[in-house]
Each structure stands twice: as structure tokens, then as C-alpha cells.
Amino acid sequence: MKRRMLIILVLVILTVGISVSFASDALKSSDDFTQAINQAQTENKNIVVIFEQEGCVYCDILKDNTLIDSRVIDELNNNFVLVFVDINEYPELASEYDVYGTPTISILDSSQQQLGRIEGYVDADDFLEMLQGV
């Protein structure tokens, strides 16, 4: 009985350890634009805004291909504040940044001035090139 409990305890510890290591590789993001601006100002970082909408096939492909690349995750987590904005929930914000289709990616400084923009899907290499060029 003690041996069985010890094995279960070891398995639980290993599972928690593995979960923690994967969590540290996760992409940090928000869906609160105002919070992202405040965070960017506090941390002296630029903001990556990904304008999206439900049912957008290329938004899903962007998330499934580009935003899971470890190089992209590292670059975004270390040097930017990432925020997702649904254009149907915040049409005034989409209009302010001339977003008419999704995905649209805007890089803003902490005072909300646009530094770069990509309209449509972009692969990890091109996305990194844009991020590192700002």
C-alpha cells in the first residue's frame, strides 16, 4: 500500500512539473485594450494588436501556426504586450485603426501610434521579421 501511494505521489509531482514547464512557454496575451496600453506604458514596451473576429479562418490559422512558434512566443512575451481585439465587439477601435478585414496585426507604441501593420495571414518567419524590424 505504501509503495502504491509513493508511485501515485511521484506521478502527480511529475505531472505538475511538466504542466508548469509547458505553461512557461505559453503566449501571454490579453483581450483588454486599455489594460494592454497601461501595461505597455508601465513596462516600456510596444503593443501588438491582433484584430480578429469569430469565424475568421485565417485568424484561426494564424493562432494555430504562427502564434505557436516558440520564436514568436519568445519575441512577443519578452518585448511586446499582446492584445486580441474582436472587431465585432469593438467596432469603434477597429475603425480608429482602419481595420476592415481580419486578421489585421498592428504594432503600436505605448502612446498608440502605429509603427507597423500586416493585413491577412502571415507565417512565423515574416511575423518575426516585422516584430524585430520595429
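Identify, from the list Asp74, Asp126, Asp98, the residue that is of a type outside the set (A, V, I, L, M) and at positive phi.
Of Asp74, Asp126, Asp98, the one residue that is of a type outside the set (A, V, I, L, M) and at positive phi is Asp98.
Between a first residue in region 49-78 that is of a type in the set (Ser, Thr, Tyr) and modelled with pLDDT of 95 or more and a second residue that is crowded, with 16+ Cβ neighbours inside 10 Å and part of a helix (DSSP H, G or I), which pairs have beta carbons less than 8 Å apart while being 6 or more apart in sequence or on different chains?
Thr66/Val72; Thr66/Ala124; Thr66/Phe127
I'd like to verify a number: residues in region 82-129 that are under 14 Å from the mean Cα position of the chain (by Cα) and among the hydroxyl-bearing types (Ser, Thr, Tyr), how many?
2
Scan region 79-117 residue by residue and report those that are touching a helix residue (DSSP H, G or I) at 6+ places or on another chain (Cβ under 6 Å) and farther than 20 Å from Gln35 by Cβ.
The answer is Thr102, Pro103, Gly116.
The values are calculated or read from the model by the stated rules, or taken from the named source; none is laboratory data. No experiment lies behind these values; they were computed from the predicted model shown. All Cβ positions, even for glycine, are placed from backbone atoms using ideal geometry, and neighbour counts span all protein chains on display.
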